[in-house]
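A.B. asks: This is the structure I want to talk about, given as structure tokens.
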Amino acid sequence: MSRPRFLADQDLNEHIVEGVRRREPTVEFVLARDVGMKDSPDPDVLEYAATNGFLLVSHDASTMPAHAYRRIADGKLVPGVFIAHQLRAIGAALDELVLIWAASEAEEWRNQVNFLP
């Protein structure tokens, strides 16, 4: 079992990433652009997350869940996807991510798409 590690896709508000890092400096939270995935399509970002053991965090509720469910249907691993609503408070999303990091194992989120409050 392992601690969750997060990958923020190109759509995620970086204030969420910064807030999580401030509250819990030991959380590994990587930006897609920092690993060469800035303009990559959703399926490629999901593949990178799966290959490298990252839970994916995105605001993209319109296309990312469909790509994740397609991977699952095709028998491919989805390490976990979290969709943060763009119109909700940043603090709520980062609170949830810190809680996920502190109170769960990465493996618990496999092949799931979850919507943060």
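A.B. asks: Among D34, D60, D11, which one moves the most in a GNM of the chain with springs linking Cα atoms closer than 10 Å?
C.D. replies: Highest fluctuation of the listed residues: D34.
A.B. asks: Take S104, S2, S58 and order them by how many other Cβ atoms sit within 10 Å, fewest up front.
C.D. replies: Taking fewest neighbouring Cβ atoms as first place, the list is S2, S104, S58.
A.B. asks: Are there GluC sites (Glu not before Pro) in segment 60-117 that DSSP marks as loop and that have at most 13 other Cβ atoms within 10 Å, and which are they?
C.D. replies: In loop regions of segment 60-117 (DSSP not H, G, I, E or B), the sparsely surrounded GluC sites (Glu not before Pro) are E105.
A.B. asks: Which residue fluctuates most in the GNM of the chain (Cα springs below 10 Å): G80, G19, G91?
C.D. replies: G91
A.B. asks: Fewest Cβ neighbours within 10 Å first, please rank D9, D74, D95 accordingly.
C.D. replies: Listing D9, D74, D95 from fewest to most nearby Cβ atoms yields D74, D95, D9.
A.B. asks: Turning to a different aspect of this structure: Taking Cα atoms, how many degrees apart are the long axis of helix 42-52 and the longest axis of the chain, rounded to 10 and kept between 0 and 90?
C.D. replies: With both axes taken from Cα atoms, the answer is about 70 degrees.
A.B. asks: On to the next question. Net charge near V98: determine it from the other residues with C-beta under 13 Å of the C-beta of V98, scoring Lys and Arg +1 and Asp and Glu -1.
C.D. replies: Its environment carries a net charge of -1.
A.B. asks: Here's another thing I want to ask about it. Measure nothing but the geometry: give the 0 to 90° angle between the long axis through the Cα atoms of 90-103 and the longest principal axis through the Cα atoms of the chain, rounded to 10°.
C.D. replies: The helix 90-103 is inclined about 80 degrees to the chain.
A.B. asks: Could you work out [θ]222 nm for the chain from helices alone, using -39500 (n - 2.57) per DSSP H run of at least four and dividing by all its residues? Round to the nearest 500 deg cm²/dmol.
C.D. replies: Calculated at 222 nm, the ellipticity per residue is -11500 deg cm²/dmol.
A.B. asks: I'd like the distance separating the alpha-carbon centroids of segment 69-112 and segment 1-48, in whole Å.
C.D. replies: Each part's Cα centre sits 11 Å from the other's.
A.B. asks: For segment 23-89, count the residues as N, evaluate 2.2 N^0.38 Å, and divide the Cα radius of gyration by that value, please. Let's see the in-between values first.
C.D. replies: Values: Rg = 12.3 Å, N = 67, 2.2 N^0.38 = 10.9 Å.
My calculation over the Cα atoms of segment 23-89 gives 1.13.
A.B. asks: Another question about this same structure. Which net charge results for the neighbourhood of E18, defined as the other residues with beta-carbon distances under 15 angstrom from its beta-carbon, given Lys and Arg at +1 and Asp and Glu at -1? All intermediate terms of the calculation are to be shown ahead of the outcome.
C.D. replies: Details: positive: R21, R22, R23, R33; negative: E14, E24, E28, D34, D95.
Result for the local shell: -1.
A.B. asks: Antiparallel as a % of all DSSP beta bridges within the chain, to the nearest 5?
C.D. replies: Details: 0 of 13 bridges.
Around 0 percent antiparallel, to the nearest 5.
Taken together, the values in this text are just the output of simple stated rules run on the coordinates, not laboratory data. In this text, all values refer to a predicted model and were calculated from it rather than measured experimentally. Because the Cβ atoms are built from the backbone with ideal geometry, glycine has one as well, and the counts that use them run over all protein chains shown.
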